[in-house]
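Have a look at the structure below before the remarks.
The values are calculated or read from the model by the stated rules, or taken from the named source; none is laboratory data. Computed from a predicted model, the values in this text were never measured in an experiment. Every residue, glycine as well, gets a Cβ built from its backbone with ideal geometry; the counts of neighbours run over all protein chains shown. Heavy atoms of the whole protein, side chains included, go into the accessibility calculation; ligands, DNA and RNA do not. Shrake-Rupley method; radii C 1.70, N 1.55, O 1.52, S 1.80 Å.
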There are 2 protein chains.
Amino acid sequence: MSSILGFLGPPGSFTEEISLKYSRNNSPLILQEYKAIDELMEDVDAGLIEMGIVPVENSLEGSVNITLDMFVQLDVYIYTELIYPISHCLMALPGIELEDIKDLYSHVQAFSQCRKYLKARMPSVTQFPMESTAMAAEKISVLGGARAAIAPRRAAKLFGLEILASDIQDGYGEEDKTNLTRFVVISSHDHSLTGTDKTSIIFSIKDSPGSLYHILGVFAENGINLTRIESRPARKRLGEYLFFVDFEGHREEKKNMRALKLLEDQLKYLKMLGSYPSVYLPSGS
Amino acid sequence: MSSILGFLGPPGSFTEEISLKYSRNNSPLILQEYKAIDELMEDVDAGLIEMGIVPVENSLEGSVNITLDMFVQLDVYIYTELIYPISHCLMALPGIELEDIKDLYSHVQAFSQCRKYLKARMPSVTQFPMESTAMAAEKISVLGGARAAIAPRRAAKLFGLEILASDIQDGYGEEDKTNLTRFVVISSHDHSLTGTDKTSIIFSIKDSPGSLYHILGVFAENGINLTRIESRPARKRLGEYLFFVDFEGHREEKKNMRALKLLEDQLKYLKMLGSYPSVYLPSGS
């Protein structure tokens with residue numbers, strides 16, 4: 001039986017693009033579109049769908065805050081992490097040349113991420129901000145005329161557009177043209193040990209000097225490498241913080257089991273989001 | 001002479017609402033609209049405008065990631081922190097009643113944040129996602145008919161709409177109906193000591209077990225209370241992380257000066273974003 005993979009729409013978005021790539025390598029998976037991250041995660045929690053793809057860092061689409069809030073509220077686990085370089089493409093209907101373009105449609109953040117290219121190559125176009133890059137591509141395919149969109153490669157295919165330029169996002173210096181985003185595949189369970197795993201947990205500590213330091217000592221003393229730490233105020237109680245921590249290794253490895261046991265004893269709230277492999281998905285079709 | 005305060009548009013947004021509130025308490029300030037956070041921050045850096053307001057946490061408008069990236073690249077400082085509860089209002093043209101409404105316009109995140117109210121009170125309306133809540137309010141003021149928008153209170157005033165319900169966002173349990181956001185006022189310099197200050201720094205460490213732990217030890221040993229910590233991969237070098245850390249107190253207080261001196265000796269990259277008071281701005285007109 002095929003499993004269902006929920007993703008945040010609309011079709012033509014980066015999230016659909018990465019969901020298609022993921023499902024190609026992990027068939028049989030049937031894609032199902034959602035309009036909101038929280039609904040998607042609730043359906044995974046309720047067992048209505050088997051898996052979902054949600055952003056956890058630096059996303060153009062959907063709020064990472066919602067994802068983190070829902071991880072606190074629900075019982076869903078991380079099955080796989082997907083690292084994906086966002087590649088912005090300039091696209092228009094067949095026959096339109098770069099120098100013809102008068103109006104440009106995209107998400108406001110995409111304009112911002114492509115500012116150097118636009119300044120150099122299209123200084124006099126009028127920018128029309130849209131709710132998403134995918135909707136921008138659809139819009140110009142319907143309106144026709146001297147219009148272009150900045151959108152994912154996938155959107156060009158879907159709406160019959162031609163790509164005039166790809167990877168037009170600003171680099172931060174010559175050697176770095178990437179704009180990496182992090183998504184996770186969520187499920188009712190996490191992943192078995194692969195040997196190159198990461199583990200994510202959420203915990204809360206009292207807001208007092210040194211308390212975070214002492215908790216991090218548990219990791220340091222067990223030689224565990226943290227790869228990410230983020231604090232956010234807990235919504236229910238002022239002066240209390242939730243920490244979202246990722247570390248290297250699987251929760252079933254001995255030193256991690258030892259550290260997690262120590263944390264459990266010292267923290268009043270500790271939630272395991274699961275252990276999972278991290279996969280880099282190259283951009284392009 | 002009046003100073004200019006840059007804010008992220010469009011008019012009617014939460015950012016304009018908070019900018020108006022701030023300028024009322026700190027006149028004379030002239031508001032100037034920007035379309036992108038990075039352009040706003042660059043103009044403060046270049047001295048073209050004196051101040052700007054940008055989001056740093058949990059924002060519906062604009063990306064917090066862009067703000068953090070620009071803090072790394074530019075020489076701008078935090079002058080004041082503003083804590084602001086996002087209040088979603090349901091609004092329509094005068095004469096329209098709640099039960100008349102067929103079509104509802106807003107930002108997709110606002111729909112999501114008001115899901116319980118919408119499910120209970122407006123289960124059969126069609127939702128039209130817009131690029132911003134302010135644009136949604138403007139749209140229904142132009143289109144007329146049985147339409148409503150979810151937008152900030154300010155937008156109703158600006159576009160001649162009537163508020164049908166306020167604070168319609170979901171609460172996380174009965175006692176918490178707030179959706180707090182954090183903005184900062186930026187300038188070419190930080191704030192002098194007020195007695196209730198916070199300080200923000202950015203630093204980088206090598207990705208090795210325990211290195212963060214040892215750096216946090218400097219704070220713990222000096223009795224300094226961290227109020228926020230966030231790590232992000234440094235863009236230029238793989239395996240290196242940037243930490244965005246806030247702590248209580250002013251950089252000119254003795255124990256903080258001692259800790260900062262120790263950090264400077266141990267870190268190869270340490271950037272001071274400034275010391276500043278934190279101000280809670282209540283919602284409502």
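Odds and ends about this structure:
- Flag if A:Tyr79 is open to solvent by 10 Å² or more (accessible area, probe 1.4 Å), modelled with pLDDT of 95 or more and within 12 Å of another protein chain (Cβ to nearest Cβ): no
- Here is the figure for the range B:243-254: residues that are modelled with pLDDT of 95 or more and open to solvent by 20 Å² or more (accessible area, probe 1.4 Å) total 4.
- Taken across the range B:259-268, residues that are open to solvent by 10 Å² or more (accessible area, probe 1.4 Å) and modelled with pLDDT under 85 do occur, with at least one present.
- Condition met for A:Val54 (under 24 Å from A:Val108 (Cβ atoms) and modelled with pLDDT of 85 or more): yes
- Yes/no for B:Pro55 being part of a loop (DSSP other than H, G, I, E, B) and either within 13 Å of chain A (Cβ to nearest Cβ) or touching a residue at least 40 places away in the same chain (Cβ under 8 Å) (or both): no
- Residue count for the range B:16-47, restricted to those that are within 18 Å of B:Met70 (Cα to Cα), over 18 Å from the mean Cα position of the chain (by Cα) and free of Cβ contacts under 8 Å to residues at least 24 places away in the same chain: 1
- Of all the criteria given as (1) in a strand (DSSP E or B); (2) surrounded by fewer than 19 Cβ atoms within 10 Å (Cβ to Cβ); (3) within 13 Å of chain B (Cβ to nearest Cβ), the one not satisfied by A:Gly223 is (1).
- The set of residues in the range B:122-176 being of a type in the set (A, V, I, L, M, F, W, C), in a strand (DSSP E or B) and at pLDDT below 95 consists of B:Phe128, B:Met130.
- Subset of the range A:197-218 (residues that are under 19 Å from A:Met272 (Cβ atoms) and more than 7 Å from chain B (Cβ to nearest Cβ)): A:Asp197, A:Lys198, A:Thr199, A:Ser200, A:Ile201, A:Ile202, A:Phe203, A:Ser204, A:Ile205, A:Ile215, A:Val218
- Scanning the range A:18-34 for residues that are open to solvent by 50 Å² or more (accessible area, probe 1.4 Å), out of contact with any strand residue (DSSP E or B) (no Cβ under 6 Å at 6 or more places or on another chain) and under 13 Å from A:Ser3 (Cβ atoms) gives A:Asn26, A:Ser27, A:Pro28.
- Residues that are under 16 Å from the mean Cα position of the chain (by Cα) and either more than 14 Å from chain B (Cβ to nearest Cβ) or surrounded by fewer than 20 Cβ atoms within 10 Å (Cβ to Cβ) (or both) within the range A:85-108 comprise A:Pro85, A:Ser87, A:His88, listed in sequence order.
- Listed by first and then second residue, the pairs with beta-carbon distance under 7 Å, at least 6 apart or on different chains, first residue in the range A:184-203 and over 23 Å from A:Leu242 (Cβ atoms), second of a type outside the set (Phe, Trp, Tyr) and open to solvent by 60 Å² or more (accessible area, probe 1.4 Å), are A:Leu193/A:Glu252.
- Any chance A:Ile205 is under 30 Å from B:Leu226 (Cβ atoms), modelled with pLDDT under 90, open to solvent by less than 30 Å² (accessible area, probe 1.4 Å) and not assigned by TED's automatic domain parsing to the domain that holds A:Asp103: yes
- Filter result (open to solvent by 50 Å² or more (accessible area, probe 1.4 Å) and more than 14 Å from every other protein chain (Cβ to nearest Cβ)) within the range A:109-135: A:Ala120, A:Arg121, A:Pro123, A:Ser124
- Taking the criterion of being outside any loop (DSSP other than H, G, I, E, B) and among the basic types (Lys, Arg), the residues of the range B:251-285 that qualify are B:Lys254, B:Lys255, B:Arg258, B:Lys261, B:Lys271.
- Those residues of the range A:1-50 which are small (Gly, Ala, Ser), within 15 Å of A:Tyr84 (Cβ to Cβ) and within 14 Å of chain B (Cβ to nearest Cβ), in sequence order: A:Ser13
- Among the residues examined, A:Met70 does not qualify as surrounded by 21 or more Cβ atoms within 10 Å (Cβ to Cβ), outside any strand (DSSP E or B) and in contact with a helix residue (DSSP H, G or I) (Cβ under 7 Å, 6 or more places away or on another chain).
- Near pairs, Cβ below 7 angstrom, 6+ apart or cross-chain, from the range B:104-118 (in contact (Cβ under 8 Å) with a residue 24 or more places away in the chain) to any residue that is open to solvent by 30 Å² or more (accessible area, probe 1.4 Å) and among the aromatic types (Phe, Trp, Tyr): B:Leu104/B:Phe128; B:Tyr105/B:Phe128
- Residue list for the range A:136-150, restricted to those being of a type in the set (Lys, Arg) and within 14 Å of chain B (Cβ to nearest Cβ): A:Lys139
- Condition check for B:Met1 on (1) surrounded by fewer than 19 Cβ atoms within 10 Å (Cβ to Cβ); (2) more than 27 Å from B:Arg232 (Cα to Cα); (3) modelled with pLDDT of 95 or more: one failure, at (3).
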